[in-house]
Amino acid sequence: MQNVKFDRLRYLESVMTEGSIRKAAEKLAVPPSAVSRQIQTLEQETGLTLFERLATGVAPTGAAEHLLDYYRVCMAQWENLEHQLSALRDLQTGSVSLAVSEGLIGPLTEEILWHFHRRYPHVRISVQMKATAEIVEAVENGAVHIGLAYSPPHTERIRFHANAKHHVVAAVSPRHPLARQKGDITFGRAISYPFATMPAVYGLGRLIEAVAAAENLRFGPTFRANTLDMLKRFAIEGLGVSFVTDFSIMDEVAAGKLIGRRIDHPMLGNQYARVLVKADRLLSHAATELLQWIETRLSVFNPTADLGEAIC
């Protein structure tokens, strides 16, 4: 073990995260042969088999899991050192990684990240768009510093730093029959039309399925998509109802392209946008600064934000 080069563990982490040599090579922007050589050398240095080669990719062994834990502990300690040094350099260097739900990407970039980058041009920022379950996992295992997700589950390893309640609405074209109805609609009425939703791995999709189960209603989406853009386009085309949050369709409502009908169900009024960090992680100075910006400047967490007159 004393001959293992620490940088080689970066290749191990990429292969374990991506599930294959090819995908790890794409992420690292190196040839697959280079990744294979690093893994083979690492196995020689440790005297252990780190991956089982499968037809669909590779599967890590227990030894690989231990090495990954070691690598991440070392990286966390290195970040702690960077935190102290970065503070001395007045935030002139550093890096921050984020995992973000699609519906929060727009406001995060326009209201926070571009301004933060101009203020601290030497801080490296990495943003990944992920499903809620993936965001929670990335924060818990230390793969990212900060997560922004819709309705993530409470766990002991996650700490919430900001919360904002949004409503799930039935988004429809102004030409749709539901657009002319006054007042809230029932969930059963909403799904009596063709409707679109997200897969259950996403917080929004999981919530819609849970409501259908609670109401003992037959659940048969016409269309599933893992992007809000597709759900909004489904509704704009007049093809049916899309279940989205009121915040996510503000621009389309303002432009007269969509109308959001509130749904008379308590579970659908409790969709929370949350900021997540790992409970026991000491954030770098750069990550702490960006976290503060998100908490205090992002409109998502502004309870007075105008969600438009057509959300009703």
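Of the numbered criteria (1) surrounded by 15 or more Cβ atoms within 10 Å (Cβ to Cβ); (2) at pLDDT below 90, the one D306 fails is (1). Could you tell me whether region 224-235 includes any residue that is part of a loop (DSSP other than H, G, I, E, B), at pLDDT 90 or above and over 21 Å from H166 (Cβ atoms)? Within region 224-235, not a single residue is part of a loop (DSSP other than H, G, I, E, B), at pLDDT 90 or above and over 21 Å from H166 (Cβ atoms).
When A213 is tested against (1) in a loop (DSSP other than H, G, I, E, B); (2) surrounded by fewer than 14 Cβ atoms within 10 Å (Cβ to Cβ), exactly one condition is not met: (1). Looking at I263, I249, I236, I259, just one residue is in contact (Cβ under 8 Å) with a residue 60 or more places away in the chain and surrounded by fewer than 21 Cβ atoms within 10 Å (Cβ to Cβ), and that residue is I236.
Rundown of residues vs (1) at pLDDT below 95; (2) touching a helix residue (DSSP H, G or I) at 6+ places or on another chain (Cβ under 8 Å); (3) over 30 Å from A213 (Cβ atoms), yes/no style:
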| site | (1), (2), (3) |
| --- | --- |
| V244 | yes, yes, no |
| D251 | yes, no, yes |
| I263 | yes, yes, no |
| Q271 | yes, yes, no |
| R297 | yes, yes, yes |
| N302 | yes, no, yes |
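Counting only residues that are assigned to a helix (DSSP H, G or I) and farther than 20 Å from E65 by Cα, region 29-47 holds 3 of them.
The values are calculated or read from the model by the stated rules, or taken from the named source; none is laboratory data. The shown structure was predicted, so the numbers you read here are calculated from the model rather than taken from an experiment. Glycine gets a Cβ as well: all are built from the backbone with ideal geometry, and neighbour counts include every protein chain shown.
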